[in-house]
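Written below as C-alpha cells is the structure these notes are about.
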Amino acid sequence: MSCFGVYSGSEEVSPSSQNGHIAQDTRLTRIAYSRTTSAALARPRNLILNGRLIEVPQEPNREHIPYIAVSYTWDPDPELVKWEGRRVTTQALALATRLTRYTSYAIWIDAICIHQDDQKAKEEELPKMADIYRGAESVVSIISGVDDRTCEAVKRGVEIMETEAYRDLVDVGDIHGCFQFATGGGNPAFAAIFQHRWWERAWTFQEATLNPRTFLVGDAGDIVPMDDILKIVPAIRLKAASVSGPDGLTLTFGRPSSFWDSVSAMTAATTRALTLGEAIGCVWRRNASCHRTTGHSTSSSETSSKLPLQSETIRG
C-alpha cells in the first residue's frame, strides 16, 4: 500500500503556484508545499537543483529558493569522491540522485551543500543548521525501516488514539491497554522504525522537531509524518517505564525506557522552545543505553554518475 493512500492530507504543488515549480505525481513533491519563508531565517549557502550545485543569494530581499532538507545517518566509513569542485560522500550523491527524481524542489543535504574540506565554510554554515531545517518546505528523514507495513501500523494507531474508547483507557490509567491499542498489540513494524541508527544521532532531536512538515521516508519512498509518530510515542513510553527492571535496560521495541523518555521530549519541543540544557539532556538520555549497530541508513545502489558535473549561480 502506498502511504499516499494513507496520508491523503499531503498537499501537491500546482504548476500555477507562486514559486513556479511544476508539480510531479511523486511522493516527495506531494509532501512539499508553497509558502512564504520568513526573511529572518538564515539561508543555506548551497543547494542541489536539477542535478547541479547552486549558490543561494543570502540577502533577505532576494527571492527564496524553496528546498527540501534531508536528515539521514552517515555511513560509518564514508567513501569520498570529487563532485562540483569539492569532495562529497558517495552516499550523499546517491541520496541526492534518488530524491531529485521525486521532486522539482531543490535539495539540501549536509555532506554536499556544506563544503566538508573548507573549515571557514563549515564554521559559517553549522550555526545556521536550525534555520536551514526551519526554512525548508519540508524535512525528509531517511529511515530504511519505513515501508507500507509501518505506514499502516502508524495510521491505525493514530486513528484508534482519536477514539472515545481510547480516551477512556487514558482516563483510567490503563497503560497496557493504551499500548496494545496504539501499537496494534506491539506490532514489530514499530521496532523497524525505532531501531534505526538515525535515532542515535546527536542532530536527530533538532532535525526532527524544527519543521512541522517532517516525514520519515523509507527506501521505496513510503512516508510517515513525524507528527503521527510522536502521537504514539507517549503510550510506548509509559509501557516501557512500567516494565523496566532495576537496571533500566528492559527493552521495548528494542529500546530502553531512557530512550522513550528522550523521544517523548520531542513532542514538547514541537510546541515550545527547549533550553540548550534540556536539548542536550534529551540527546544524552537517548544515546546513553543505545545498542549500536553498523547498519547503513540507505541501501541505494545508485551511482554519482547520474548527477551532471556542472554548477551555476542562481540570480534573483
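Taken together, the values in this text are just the output of simple stated rules run on the coordinates, not laboratory data. The model shown is predicted, which means the values in this text are computed figures rather than measured ones. No Cβ is skipped: glycine too gets one built from the backbone with ideal geometry, and neighbour counts run over all protein chains shown.
When the Cα centres of region 45-100 and region 181-252 are compared, how far apart do they sit, in Å? Centre-to-centre distance over Cα atoms comes out at 27 Å.
Packing around the peptides 129-141, 200-212, taken as the average count of other Cβ atoms within 10 Å per residue, puts them in this order, highest first: 129-141, 200-212.
Does region 95-139 classify as rounded, prolate or oblate by the C-alpha gyration tensor (a ≥ b ≥ c root eigenvalues; a/c under 1.5 gives rounded; else a/b over b/c gives prolate, otherwise oblate)?
Details: a/c = 3.70, a/b = 1.52, b/c = 2.43.
Cα axes put region 95-139 in the oblate bin.
The lysines whose alpha-carbon is closer than 25 Å to the alpha-carbon of residue 239, local same-chain residues fewer than 8 away aside, are 155, 231.
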